[in-house]
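In what follows, a single structure is set out as structure tokens and then discussed.
The values are calculated or read from the model by the stated rules, or taken from the named source; none is laboratory data. As the structure is a prediction and not an experimental result, all values here were calculated from the model. All Cβ positions, glycine included, derive from the backbone under ideal geometry; neighbour counts span all protein chains shown. Accessible surface is based on the protein model in full, side chains and every heavy atom, while ligands, DNA and RNA are left aside. Shrake-Rupley method; radii C 1.70, N 1.55, O 1.52, S 1.80 Å.
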Amino acid sequence: MSADETVAASLTETATGSTAAPAVIPAGAIEGRSPWQLAWFILRKDRAAMISLGFIVFIALVAITAPLLAHWIGYGPTDQDRTNGITVDGLPVAPNSQHLFGTDNLGRDILVRTIYGTQVSLLVGVASTLLAVAMGVLVGLAAGYFGSVVDSVLSRAMDVVLSFPFLLFAIALVSIYGSGLGISVFVIAFFTWAAVGRIVRGQTLSIREKDYIEAARSLGAGDMRIMFVDVLPNVLAPVIVYTTLLIPIAIVFESTLSFLGLGVVPPTPTWGNMLSDSLDFYQVAWWFPLFPGLALLLTTLAFNLLGDGVRDALDPRAGRLSQD
Amino acid sequence: MSVNVNESTNRPTNDASEMLVEIRDAVKYFPIKQGVVVKREIGRVHAVEGVSLSVRRGETLGLVGETGCGKSTLARCVTRLHSLTSGQILFEGQDITDLSRSRVRPYRRRMQMIFQDPYGSLNPRRRVGSIIGDPFAIHGEGDRDERKPKVQELMELVGLNPEHYNRFPAEFSGGQRQRIGVARALALKPSLIVADEPVSALDVSIQAQIINLLDDLQQEFGLTYLFISHDLSVVRHVSDRIAVMYLGQVVELADSEELHNRPRHPYTNALLSAASVADPDQAAARQRIVLTGDVPSPVAPPTGCRFHPRCPKAQAICVQEQPPLVARAGDPDTHLTACHFPVEPGEDLTRVTATIPEEERAE
Amino acid sequence: MLRFLLRRLLSGVLVLWLISVFTFGLFFVAPGDVPRLICGRLCTQTQINLITKQLGLDQPILTQYWHFLDRLFHGDLGYSYYNSESVNTLIGQALPVTISLAIGAAVLWLVGGVSIGVISAVKPRSLLDRAGTILALIGLSMPSFLIGILLLYFLFFLLTTHGMDWFPPSGYVPITSDPVEWAHHLVMPWCALAFITAATYIRLTRNQMLEVLGEDYIRTARSKGISRRRVTIRHALRAALTPVVTQFGIDLATLLGGAIVTEQIFGLPGLGRLAVTSVVRQDQPVVIATVLLAAVFIVLANIVVDLLYAVLDPRVRLT
């Protein structure tokens, strides 16, 4: 109570024109720090997360500048180097000065192909995650906020999606409608949105009961305004955490589809189809699976590390646990 | 406090419109549902049952009762956060009971609420300026830049530093947060403010500040308050008239001083004896009336007078017949009591015992 | 309790029905021409018409769906479009493979994951804890085919080239014909599956244990003089394991529906492989059967997990 009193006392001071700022707040800090800014301050101190973020920025740059890099290296992603890129027995060539990462069974440069694989992985990973999150947030908000019949129907829909043997079904979808970038994004989003939806629904259910929602309603705010202005910012923290953790899942999903021959159509290089091609050659060409595999693993690792950092920063309770 | 500074402008002369809010026979049940596939109703919470009250323009009507007596539900029915099961709510003479959400919107400008929990009633993810400016945004008054000076003016009015416009609720103390809530309620210059336990969650020293603030604002803007609290001493301080509620019904209604000096309902007597008294000598001397038993379940309220299972004066008729809320013998017209055997001045309730048979009481 | 079970079963049936409708509808609107696929390029129109009639594909979708449901209720999943083999038989052959794979891997990841998680939690920030955390992170980030390739390279290829022919790269031997060979052939797939799944369990157990160990009742137990080991095992672990059980149920059920990638890499003729080959051949009856079977496992696991939850955690009440 004494703290409250001092604050209140200093408040009356400021209100009556005195220049003395309340003791608890550093002078000059009139601009309040938003919970997001505070989270960013915590995240910035997390070395693993910052290194991961740096790596993610790096591979994003690599993806964007892939054509430039390929031009600079001297091989296109589907160029077959028949003179230096393949042995007389028709086997891949080990890393050397001309092909830093070696070549594959068709004499294509693995470095350039790995660089191009970044494009597909990031594009599919990010696009499908954003799609899934958008859909999950909308459905979760509606189900949690409106309740009753809307909730029953939407929750059941989420149950159904979550009960799908999703990889199997993804394969079925792709085999019927043909493979490609677009269908990969759609299929991955289709099977991941429900998890986001459940989280958002649960959070919305508890936020809905808060006094400030009732306050907004008593002011005459409509359902849409309450959902997006009052509820959404309060359910965003777990959504952001989940988004960073969903991206590596989507990337793995995409590479699995590619690996099974159901992703982006060859000869477009993806890490998944490179690894799939390497299955017959790993015994004679260790570099063939190594570089795309390493790129894939490091990327998902970076996103997972960043996701952990974001979660610790947004949820002080989780942070306390890991620092115990 | 009942004296209105702007009396000439704010208090119309004719009787009908002197009533800002009229509650007529309000009933609110909450259904309890259960079921596997089809939900069926297995019971009802009788939150408000047959309440008639009116709030005059410019006055403060206090609404007192224990937790769960239906006072907050009644307040939310008045502001149309809940719709009534039956009965009528008149606001400025207009029946707003069954208006659709869009039709009720214009009325929301003119009645605002202040909530109990200064932590729960402010969105933690939004800046204070945006929270206080919410009423403007919702009712489409001005863009962000136009709203800012208005909001800062309001902040100054309620004793907040306008420079804290961009801060978050978490950076304020409980008392300051309640000031934010008051500023938000004041934004659209409403005629009625429903204050639902506005100071219950605050420290005693801060309570006085907020109450004084509400008092000043009432004088300045000619506001009408419906002031809800479980604390009779707080309500007595701010109210012109007080209504005492028990299990969804009004059991006594009188002018503030009259109620304190001559409480007629045994329940009011019990509440008064439990209220805090500033003078320690007086506090030691007084007799506390300790009620026996718990508040009965509002799902199955007692028959007759709802207070009879706990009333020290209860007799057989109290079990059978519900006493009407009327002026009792010797009381002024404005003092209404719903009791078959009102407490006489000087009567010592700690000495009387009920005379209804145990088996009937147990029911 | 009974009411809860009834409700969950009802909603489970509803979910399964929706999935069957969805799968059925998906194939019906699919652009693929199944009779032509079966018959090959040199088929005459008469032959195609004959096949269409035989498979009942000339009938309206509702009739087809009705026949499917009717057979399903008599325990008959229909016949493969390709070799006319009964789907029941196909699944009967594949299921033991998948069960062998899933159960063995489950034992490995449960024991491995939970014990690493407990060790991490008991000595937080120790070297062991960091190693466990890093292991979990790698496992979480690792695609299942990547670990498969790694195992093939190190455990099969490197060892074999050095004359140590310890692990066969593929194939399945039924447990009934030779239990030793059965396990021998499954060691690599078990390890691959267990490694990526154990990651979740390391994290879950560690976080739960840390939370529980911070609770007041654990301090009370310690202050009563109960040994640290006993408190950890008897009091904390029991409370911490509830969410682990939930996760385990779902994971096991998902795997029982077919470990598609692992079965593919290690050449195991399980449900996942059956599903993939049928999908590629658009062998609709087999696909629907495998999808439904996988969904049944998941739905059942959800119910069992909820029941177990109530048994393990007395605070949970089923309503």
Residue in the range B:137-151 that is farthest from B:Leu74 (Cα to Cα), counting only those that are modelled with pLDDT under 90 and crowded, with 20+ Cβ neighbours inside 10 Å: B:Arg147
Scope the range B:165-175; condition open to solvent by 10 Å² or more (accessible area, probe 1.4 Å) and either over 17 Å from B:Tyr119 (Cα atoms) or assigned to a helix (DSSP H, G or I) (or both); matching residues: B:Tyr165, B:Asn166, B:Ala170, B:Glu171
Among (1) under 19 Å from the mean Cα position of the chain (by Cα); (2) open to solvent by less than 10 Å² (accessible area, probe 1.4 Å) - the single one B:Ser72 does not satisfy: (2)
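Here's the yes/no breakdown for (1) open to solvent by 20 Å² or more (accessible area, probe 1.4 Å); (2) touching a strand residue (DSSP E or B) at 6+ places or on another chain (Cβ under 7 Å); (3) facing chain A (nearest Cβ under 10 Å):
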{"residue": "B:Leu63", "(1), (2), (3)": "no, yes, no"}
{"residue": "B:Ile96", "(1), (2), (3)": "no, yes, no"}
{"residue": "B:Ser100", "(1), (2), (3)": "yes, no, no"}
{"residue": "B:Tyr107", "(1), (2), (3)": "yes, yes, yes"}
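Listed here are the residues, each with its yes/no results for (1) at the interface with chain A (Cβ under 7 Å from one of its Cβ atoms); (2) assigned to a helix (DSSP H, G or I); (3) open to solvent by 20 Å² or more (accessible area, probe 1.4 Å); (4) among the aliphatic types (A, V, I, L, M).
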residue	(1), (2), (3), (4)
C:Ala253	no, yes, no, yes
C:Pro269	no, no, yes, no
C:Gly272	no, yes, no, no
C:Val276	yes, yes, no, yes
C:Val279	yes, yes, no, yes
C:Ala289	no, yes, no, yes
C:Ala295	yes, yes, no, yes
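Taking into account only those residues within the range A:82-101 that are in a loop (DSSP other than H, G, I, E, B) and touching a strand residue (DSSP E or B) at 6+ places or on another chain (Cβ under 6 Å), which is surrounded by the fewest Cβ atoms within 10 Å (Cβ to Cβ)?
Initially, the range A:82-101 is screened for residues in a loop (DSSP other than H, G, I, E, B), giving A:82-85, A:87-91, A:93-101.
When the remaining residues are screened for being touching a strand residue (DSSP E or B) at 6+ places or on another chain (Cβ under 6 Å), the result is A:85, A:93, A:99.
On the way: A:Gly85: 22, A:Val93: 20, A:His99: 25.
Once the filter is applied, the top-ranked residue is A:Val93.
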Checklist (1) open to solvent by 20 Å² or more (accessible area, probe 1.4 Å); (2) within 12 Å of chain C (Cβ to nearest Cβ) applied to A:Leu122, failing item: (2)
Filtered residues of the range B:110-123 (kept if within 7 Å of another protein chain (Cβ to nearest Cβ) and either under 14 Å from B:Ala170 (Cα atoms) or without any contact (Cβ under 8 Å) to a residue 24 or more places away in the chain (or both)): B:Asp117, B:Gly120, B:Ser121, B:Leu122, B:Asn123
Number of the exception - B:Glu257 against (1) under 17 Å from B:Thr67 (Cα atoms); (2) free of Cβ contacts under 8 Å to residues at least 24 places away in the same chain: (1)
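Residue-by-condition table, conditions (1) among the hydrophobic types (A, V, I, L, M, F, W, C); (2) modelled with pLDDT under 80; (3) not assigned by TED's automatic domain parsing to the domain that holds C:Val261:
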{"position": "C:Gln54", "(1), (2), (3)": "no, yes, yes"}
{"position": "C:Tyr65", "(1), (2), (3)": "no, no, yes"}
{"position": "C:Asn83", "(1), (2), (3)": "no, yes, yes"}
{"position": "C:Pro96", "(1), (2), (3)": "no, no, no"}
Number of the condition not met by B:Tyr119 [criteria: (1) within 30 Å of B:Gln152 (Cβ to Cβ); (2) touching a Phe, Trp or Tyr at 6+ places or on another chain (Cβ under 9 Å); (3) of a type in the set (Ser, Thr, Tyr)]: (2)
Complete set of residues in the range B:133-156 that are within 11 Å of chain A (Cβ to nearest Cβ) and assigned to a helix (DSSP H, G or I): B:Asp134, B:Pro135, B:Phe136, B:Ala137, B:Ile138, B:Met155, B:Glu156
Output for the range A:279-313, where each listed residue is under 22 Å from A:Leu181 (Cβ atoms) and touching a Pro at 6+ places or on another chain (Cβ under 7 Å): A:Leu296, A:Thr300, A:Phe303
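Return the total of residues in the range B:173-203 being more than 30 Å from B:Ile23 (Cα to Cα) and more than 8 Å from chain A (Cβ to nearest Cβ).
Summing the residues that are more than 30 Å from B:Ile23 (Cα to Cα) and more than 8 Å from chain A (Cβ to nearest Cβ) in the range B:173-203 gives 1.
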Helices (runs of 4 or more DSSP H) fully within the range A:222-324 counting 3 or more residues that are within 14 Å of chain B (Cβ to nearest Cβ): A:232-259
Filter result for B:Leu188 (under 22 Å from A:Ala221 (Cβ atoms), of a type in the set (A, V, I, L, M) and open to solvent by 10 Å² or more (accessible area, probe 1.4 Å)): yes
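Among A:Phe186, A:Phe164, A:Phe169, which is the only one that is at pLDDT below 90, within 14 Å of chain C (Cβ to nearest Cβ), within 26 Å of C:Val21 (Cβ to Cβ) and open to solvent by 40 Å² or more (accessible area, probe 1.4 Å)?
On the way: A:Phe164 fails: open to solvent by 40 Å² or more (accessible area, probe 1.4 Å); A:Phe169 fails: open to solvent by 40 Å² or more (accessible area, probe 1.4 Å).
Every option except A:Phe186 fails the conditions.
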Test: residue in the range B:77-94 that is on the phi > 0 side of the Ramachandran plot, open to solvent by 30 Å² or more (accessible area, probe 1.4 Å), at pLDDT 85 or above and within 14 Å of chain A (Cβ to nearest Cβ): yes
For C:Ile119: the one exception among (1) aliphatic (A, V, I, L, M); (2) open to solvent by 50 Å² or more (accessible area, probe 1.4 Å); (3) in contact (Cβ under 8 Å) with a residue 12 or more places away in the chain; (4) within 14 Å of another protein chain (Cβ to nearest Cβ): (4)
Unmet requirement for A:Phe101, which otherwise passes all of (1) within 14 Å of another protein chain (Cβ to nearest Cβ); (2) more than 17 Å from the chain's Cα centre (by Cα); (3) not basic (Lys, Arg): (1)
Of all residues making up the range B:204-226, the number that are in contact (Cβ under 8 Å) with a residue 24 or more places away in the chain, loosely packed, with under 14 Cβ neighbours inside 10 Å and within 14 Å of another protein chain (Cβ to nearest Cβ): 0
Index of the failed condition, C:Ser141 passing every other in (1) facing another protein chain (nearest Cβ under 9 Å); (2) in contact (Cβ under 8 Å) with a residue 40 or more places away in the chain; (3) touching a Pro at 6+ places or on another chain (Cβ under 7 Å): (2)
Those helices (runs of 4 or more DSSP H) lying entirely in the range A:35-75 with at least 1 residues closer than 20 Å to A:Ser121 by Cα and either modelled with pLDDT of 85 or more or not assigned by TED's automatic domain parsing to the domain that holds A:Arg311 (or both): A:47-64, A:66-73
Those residues of the range B:28-65 which are of a type in the set (D, E, K, R), at pLDDT below 85 and in a loop (DSSP other than H, G, I, E, B), in sequence order: B:Lys39
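Taking the range C:158-172 on its own, how many of its residues are under 26 Å from C:Val97 (Cβ atoms), in contact with a Leu (Cβ under 9 Å, 6 or more places away or on another chain) and without any contact (Cβ under 8 Å) to a residue 12 or more places away in the chain? Can you show your working first?
Initial filter on the range C:158-172 (under 26 Å from C:Val97 (Cβ atoms)): C:159-160, C:165-172.
Pick out the ones that are also in contact with a Leu (Cβ under 9 Å, 6 or more places away or on another chain) and you get C:165-167, C:169-172.
Next, only the ones that are without any contact (Cβ under 8 Å) to a residue 12 or more places away in the chain stay: C:165-166.
Selection size over the range C:158-172: 2.
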